[in-house]
2 protein chains.
Amino acid sequence: MDSVFSDEYFMRAALNEARRAFEEEEIPVGAVIVCKNQIIARAYNMTQKLNDVTAHAEMIAFTSASNYLNSKYLTDCTLYVTLEPCNMCAGASFWTQISRIVYGASDEKRGYHQTSEYMTHPKTVVQKGVLEEECAELIREFFRRKRV
Amino acid sequence: MDSVFSDEYFMRAALNEARRAFEEEEIPVGAVIVCKNQIIARAYNMTQKLNDVTAHAEMIAFTSASNYLNSKYLTDCTLYVTLEPCNMCAGASFWTQISRIVYGASDEKRGYHQTSEYMTHPKTVVQKGVLEEECAELIREFFRRKRV
């Protein structure tokens with residue numbers, strides 16, 4: 001069992017969000033934002049449902065967390081997301097000045113590292129690979145079913 | 001007078017949006033999205049009002065245009081925006097596969113070209129410098145007043 005408040009613990013919460021996306025036939029990416037060990041935002045990819053490419057899990061989570069904190073800046077927060085953010089989401093994270101980003105699976109095609117590692121804010125510490133295999137497997141399973 | 005349906009004509013519509021931002025004490029950036037010579041979305045920067053860093057003019061315009069067209073993709077559309085898009089907005093434009101982006105002033109600090117010119121979709125044609133001076137002057141005037 002994950003210890004409480006570990007990165008794995010919060011990534012499991014993000015994975016739960018990703019599973020909701022899966023059930024709704026969205027590419028299964030989920031995110032949570034944590035502030036002082038409390039989850040203040042939960043979101044999953046809704047691009048299909050909302051017919052809106054900007055409705056990535058991270059973007060919804062940023063807006064939700066800002067709303068909760070009544071602050072544009074998320075300087076004391078950590079984003080947990082099951083997949084490496086794309087350029088849009090990494091670019092958004094820059095503006096939030098979020099303290100940490102923890103992601104699960106790398107995205108070798110659309111992850112922001114394919115463009116530049118300098119996309120996040122200089123103050124943002126980025127960690128990858130937490131529950132990587134579970135995060136990646138959920139996405140692989142999604143596309144396997146799509147292909148059938 | 002601008003000829004109807006010229007880039008200058010539509011950039012003036014984007015400038016009108018930027019002026020609304022100015023009046024509401026937002027950094028004055030405005031955008032419109034045009035499809036078949038018709039403006040289908042108008043937006044201006046609302047980051048202060050909404051307390052949300054994702055509320056850039058372009059992002060709001062993408063969502064609005066997708067809603068209007070009932071399509072995630074904006075393949076027959078042109079975005080007119082008074083300032084060079086940031087990484088977030090250029091990254092969002094990638095997902096929309098928008099046909100063209102026309103911007104006014106360059107952003108030497110936060111424009112996406114500072115990170116990479118390969119941020120937009122390969123199908124997207126980008127043109128800069130339309131009504132550049134008017135677009136830039138509005139932003140300069142905003143910051144001059146802020147400093148007083």
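Condition first: assigned to a loop (DSSP other than H, G, I, E, B) and within 13 Å of chain B (Cβ to nearest Cβ). Now tell me which residues in segment A:30-47 satisfy that. I'd like the intermediate steps shown before the answer.
Of all residues in segment A:30-47, those assigned to a loop (DSSP other than H, G, I, E, B) come to A:36-37, A:45-46.
Of everything in segment A:30-47, those that are assigned to a loop (DSSP other than H, G, I, E, B) and within 13 Å of chain B (Cβ to nearest Cβ) turn out to be A:Asn45, A:Met46.
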Boolean, A:Lys36 is touching a residue at least 24 places away in the same chain (Cβ under 8 Å) and at positive phi: yes
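Here's the yes/no breakdown for (1) touching a Lys or Arg at 6+ places or on another chain (Cβ under 6 Å); (2) surrounded by 24 or more Cβ atoms within 10 Å (Cβ to Cβ):
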residue	(1), (2)
A:Ala43	no, yes
A:Asp52	no, no
A:Glu58	no, yes
A:Leu74	no, yes
A:Thr82	no, yes
A:Cys86	yes, yes
Matching entry among A:Leu131, A:Leu50, A:Leu69, A:Leu138 (being within 14 Å of chain B (Cβ to nearest Cβ) and touching a residue at least 12 places away in the same chain (Cβ under 8 Å)): A:Leu69
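Would you be able to say whether some residue in segment B:68-82 is among the polar types (S, T, N, Q) and either in contact with a Leu (Cβ under 7 Å, 6 or more places away or on another chain) or under 24 Å from A:Tyr118 (Cβ atoms) (or both)?
Within segment B:68-82, the first condition is being among the polar types (S, T, N, Q), and the residues that meet it are B:70-71, B:75, B:78, B:82.
Add one more test, that the residue is either in contact with a Leu (Cβ under 7 Å, 6 or more places away or on another chain) or under 24 Å from A:Tyr118 (Cβ atoms) (or both), and what stays is B:82.
Within segment B:68-82, one or more residues are among the polar types (S, T, N, Q) and either in contact with a Leu (Cβ under 7 Å, 6 or more places away or on another chain) or under 24 Å from A:Tyr118 (Cβ atoms) (or both).
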Residue list for segment B:72-90, restricted to those being farther than 19 Å from B:Met46 by Cα and facing another protein chain (nearest Cβ under 7 Å): B:Lys72
Set B:Phe5, B:Phe62: member being in a helix (DSSP H, G or I), out of contact with any strand residue (DSSP E or B) (no Cβ under 6 Å at 6 or more places or on another chain) and of a type outside the set (Val, Ile, Thr): B:Phe62
Residue in segment A:107-128 that is more than 13 Å from chain B (Cβ to nearest Cβ), buried (at least 22 other Cβ atoms within 10 Å of the Cβ) and either farther than 22 Å from B:Ser116 by Cα or modelled with pLDDT of 95 or more (or both) present: no
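Taking the conditions exactly as written (charged (D, E, K, R), without any contact (Cβ under 8 Å) to a residue 40 or more places away in the chain and either under 30 Å from B:Arg144 (Cβ atoms) or more than 9 Å from every other protein chain (Cβ to nearest Cβ) (or both)), does B:Glu25 satisfy them or not? Quick ask: steps written out before the conclusion?
On the way: charged (D, E, K, R): yes; without any contact (Cβ under 8 Å) to a residue 40 or more places away in the chain: yes; either under 30 Å from B:Arg144 (Cβ atoms) or more than 9 Å from every other protein chain (Cβ to nearest Cβ) (or both): yes.
The answer is yes for B:Glu25.
In segment A:53-66, which residue that is of a type in the set (S, T, N, Q) and in contact (Cβ under 8 Å) with a residue 24 or more places away in the chain is farthest from the other protein chains (Cβ to nearest Cβ)? Spell out how you get there, then give the answer.
Narrowing segment A:53-66 to residues of a type in the set (S, T, N, Q): A:54, A:63-64, A:66.
Keeping just the survivors that are in contact (Cβ under 8 Å) with a residue 24 or more places away in the chain gives A:54, A:64, A:66.
Details: A:Thr54: 5, A:Ser64: 10, A:Ser66: 5 Å.
Taking the candidates together, the pick is A:Ser64.
The values are calculated or read from the model by the stated rules, or taken from the named source; none is laboratory data. Quick caveat, the model's predicted, so the values are computed rather than measured. No Cβ is skipped: glycine too gets one built from the backbone with ideal geometry, and neighbour counts run over all protein chains shown.
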